[in-house]
Amino acid sequence: MKVKRVVIIANGTLNNLDFYRRQIRAEDYIVCADGGANHVLAMGLIPHLVVGDLDSIDHKVRQKLCQYPTAFLQYPSEKEKSDLELALDKAVELGPEEIIIIGAFGGRRLDHTFANIMLMNVPLNCGAAVTLFDEDHEIRLVDSEAAIKGRVGDYLSLLPLTAEVKGVVTEGLKYPLQGETLYFSSTRGLSNEFIETEGRIKVSEGKLLVIKVKKGDLKIIFGIKTYNP
């Protein structure tokens, strides 16, 4: 089955369910990574597929979903991949143009959050654009070009995930880059700012983590309170 967009719901922190509900389109194919099904049902939606060892899904939620044509793929609790990676594998098999991941942040396991960000490489290598987001952040992994909507004053950080990212060109940002090389161990691309309602990024070689942060006095990043510069 070919679908245009897959939305994966993980079991991270979702503070504003109405916000996330508005991001999901009627035609989206919804995949839940285990306990992400709890969030989806709370939004009043029914997932197409639930993947994982199913140790986090609420028993009543699972019973409810069994009344619908939701498919379940259960794996052993001791496995070589996380529930989110298993969900991503299934999403990639559908051949979508775009994959959206919700619920990848929050909680007390910082290692899980970083692992979830690293997993963005899986769909990108298969030709699918991938985005992680919450109420205040949007993360893309870019190996060619991307356009990101924002408000004037929002922050946009460009962080290399490869040793070098070459030919970086930006438009719509306060501190433009014009073909520069960004290095893995440098903060050269940190805390740029939108001066238009769209930031455009191009790279000629390498992989660039692009993180938009909505401007405000206090942000919650990966479950940690931090103040904007």
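The values are calculated or read from the model by the stated rules, or taken from the named source; none is laboratory data. Source: prediction; values computed, not measured. Reconstructed Cβ throughout: ideal geometry from the backbone, glycine too, with neighbour counts over all protein chains shown.
Within the range 91-128, can you find the residues that are acidic (Asp, Glu) and either without any contact (Cβ under 8 Å) to a residue 12 or more places away in the chain or crowded, with 20+ Cβ neighbours inside 10 Å (or both)? Before you say what the answer is, go through the steps one by one.
Our first condition is that a residue be acidic (Asp, Glu); within the range 91-128, this holds for 93, 97-98, 111.
Residues satisfying the conditions are 93, 111.
If you check 193, 145, which single one turns out to be more than 19 Å from the chain's Cα centre (by Cα) and among the charged types (D, E, K, R)?
Details: 145 fails: more than 19 Å from the chain's Cα centre (by Cα).
Answer to the check: 193.
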Checklist entry - Which condition number in (1) at pLDDT below 95; (2) more than 13 Å from the chain's Cα centre (by Cα) is the one that residue 183 fails? => result (1)
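Of everything in the range 50-90, what is on the phi < 0 side of the Ramachandran plot, surrounded by 20 or more Cβ atoms within 10 Å (Cβ to Cβ) and not β-branched (Val, Ile, Thr)? Give them in sequence order. Please lay out each step first, then the result.
Taking the range 50-90 first, the residues on the phi < 0 side of the Ramachandran plot are 50-51, 53, 55-90.
Adding the requirement that they be surrounded by 20 or more Cβ atoms within 10 Å (Cβ to Cβ) leaves 50-51, 57, 65, 83-84, 86-88.
Across the range 50-90, the qualifying residues are 65, 83, 84, 86, 87, 88.
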